[in-house]
Amino acid sequence: MKIPLVYSETYLFHQPPSSHAENPERLKTVLSVLKENPIISPEQVGEDEPKVVHDENYVNLVKLSSKRGEWLDADTYTNEHTWNSALLALGGALTAYKNKGFALVRPPGHHAGKSGRAFGAPTLGFCIFNNVAYPILKFKLKRVAIIDFDVHYGNGTQEIFWDNPDVVHIDIHQDPHTLYPGTGFPDMIGGGEAKGTKVNLLLPPLAGDDLYEELFPIIQSILDDFKPTLIVFSAGFDAFEDDGLASIRATERTYNALGLLGYGNKFYAVLEGGYSVGLKRGVKAFVEGLEGEKKDYAGTKSAERTRSKFVEFFSTEKRILREYWKI
Ligand SMILES: [Zn+2]
């Protein structure tokens, strides 16, 4: 069964004033490799809906910046269409939730926290509203597992659900000592009742598919233990080898396996990052996985030095996770 893609041309109107990694071409690239999937339109949401996720000051700031076409910070631009695109990106996530689909939206969202920049991040990292969080908060969904495999830490999402024990957030990302946003360490586990529900799994620069493969049994054990009724993918493809903004070497092998985590479950996926090759090869393999097509792609192997750094992270992660999960 081909999964539906949620898409609208409105997502193309949010445009940078000059050359920028996060640009409308990204969505055209994704569409060019998913020609056989049905496309459905996102539902429109009202102007108050961003407040389901964000505080009023931030929502007003976005609206005003968009009107003026100003930069929100050194990374994150707006233009006159940003407000509408960002509203419809929330709607896209909603439609993906209702139709078990993949929302191909812009602007992206996982770095946007309740009040904008999250956990002291220097910028919003191209994000406006936290799309992936919206259906969960809108419908007060419980027993949700978010899997964020964008190469950057989904600081906004993790901050939004920090104290929420109903949402497990598993975030796989490049070592934050070496990449934006500079947080997302294994000891960040959530607050209060939610302790242990926030899981940060780190990969050192140059990590290949072989190291992702070691993470999958842990992720599967947490899912088996938590028994989510819904799996949500914050789907970034910038960990793909040579995608451009980071230095992880994931390929089809990893993205296919990530997609398979959704197969047979209720899920929705929302596009985050991915800037070149990841949007073709990574996206295609991920969607194959979501559709239950397990493929034996050859994977990349990590050097011994990279592996030992990974083992260092992984033993810390496992020690922390064992307090909360049957792993
Ligand atoms: Zn990213």
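Some observations on this one:
- Qualifying positions in segment 225-255 - away from the ligand (no atom under 15 Å from the Cβ) and out of contact with any Asp or Glu (no Cβ under 8 Å at 6 or more places or on another chain): 225, 226, 227, 228, 229, 230, 231, 232, 252
- Of all residues in segment 262-320, those that are assigned to a helix (DSSP H, G or I) and not aliphatic (A, V, I, L, M) total 22.
- Residue pairs whose Cβ atoms lie under 9 Å apart, separated by 6 or more positions or on different chains, with the first residue in segment 230-245 and on the phi > 0 side of the Ramachandran plot and the second more than 10 Å from the ligand (Cβ to nearest atom) and not hydroxyl-bearing (Ser, Thr, Tyr), are 242/249; 242/277; 244/277.
So that you can scan it fast, the table gives a plain yes or no per residue for (1) farther than 27 Å from residue 104 by Cα; (2) out of contact with any Lys or Arg (no Cβ under 9 Å at 6 or more places or on another chain); (3) surrounded by fewer than 23 Cβ atoms within 10 Å (Cβ to Cβ):
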| site | (1), (2), (3) |
| --- | --- |
| 225 | yes, no, yes |
| 229 | no, no, yes |
| 233 | no, yes, no |
| 264 | no, yes, yes |
| 272 | no, yes, no |
| 299 | no, no, yes |
| 320 | yes, yes, yes |
| 326 | yes, yes, yes |
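- Residues satisfying the stated conditions in segment 284-295, i.e. open to solvent by less than 10 Å² (accessible area, probe 1.4 Å) and more than 15 Å from the ligand (Cβ to nearest atom): 285, 287, 289, 290
- Flag for residue 137 being within 14 Å of the ligand (Cβ to nearest atom) and open to solvent by 10 Å² or more (accessible area, probe 1.4 Å): no
- The set of residues in segment 256-283 being within 15 Å of the ligand (Cβ to nearest atom) and hydroxyl-bearing (Ser, Thr, Tyr) consists of 275, 276.
- Residue selection: residue 142 satisfies the criterion of being in a loop (DSSP other than H, G, I, E, B), open to solvent by 10 Å² or more (accessible area, probe 1.4 Å) and among the charged types (D, E, K, R).
- Those residues of segment 40-51 which are within 17 Å of residue 96 (Cβ to Cβ) and surrounded by fewer than 17 Cβ atoms within 10 Å (Cβ to Cβ), in sequence order: 41, 43, 44
- Pair list, Cβ under 6 Å, 6 or more apart: segment 16-35 residue free of Cβ contacts under 8 Å to residues at least 60 places away in the same chain, other residue open to solvent by less than 20 Å² (accessible area, probe 1.4 Å) and assigned to a helix (DSSP H, G or I): none
- Residues being surrounded by fewer than 16 Cβ atoms within 10 Å (Cβ to Cβ) and within 21 Å of the chain's Cα centre (by Cα) are entirely absent from segment 62-69.
- In segment 145-181, the residue that is farthest from the ligand (Cβ to nearest atom) out of those that are open to solvent by less than 10 Å² (accessible area, probe 1.4 Å) and of a type in the set (Phe, Trp, Tyr) is 161.
- Filter result for residue 78 (out of contact with any His (no Cβ under 7 Å at 6 or more places or on another chain) and either under 21 Å from residue 245 (Cβ atoms) or crowded, with 17+ Cβ neighbours inside 10 Å (or both)): yes
- Residue 238 vs. criteria open to solvent by 10 Å² or more (accessible area, probe 1.4 Å), out of contact with any strand residue (DSSP E or B) (no Cβ under 8 Å at 6 or more places or on another chain) and charged (D, E, K, R): no
The values are calculated or read from the model by the stated rules, or taken from the named source; none is laboratory data. Fair warning: this is a prediction, and the values are worked out from it, not measured in the lab. Please note: Cβ atoms are built from the backbone with ideal geometry, for glycine as well, and neighbour counts cover all protein chains shown. To get the accessible areas, we keep the full protein, side chains included, count just its heavy atoms, and leave off ligands, DNA and RNA. Shrake-Rupley method; radii C 1.70, N 1.55, O 1.52, S 1.80 Å.
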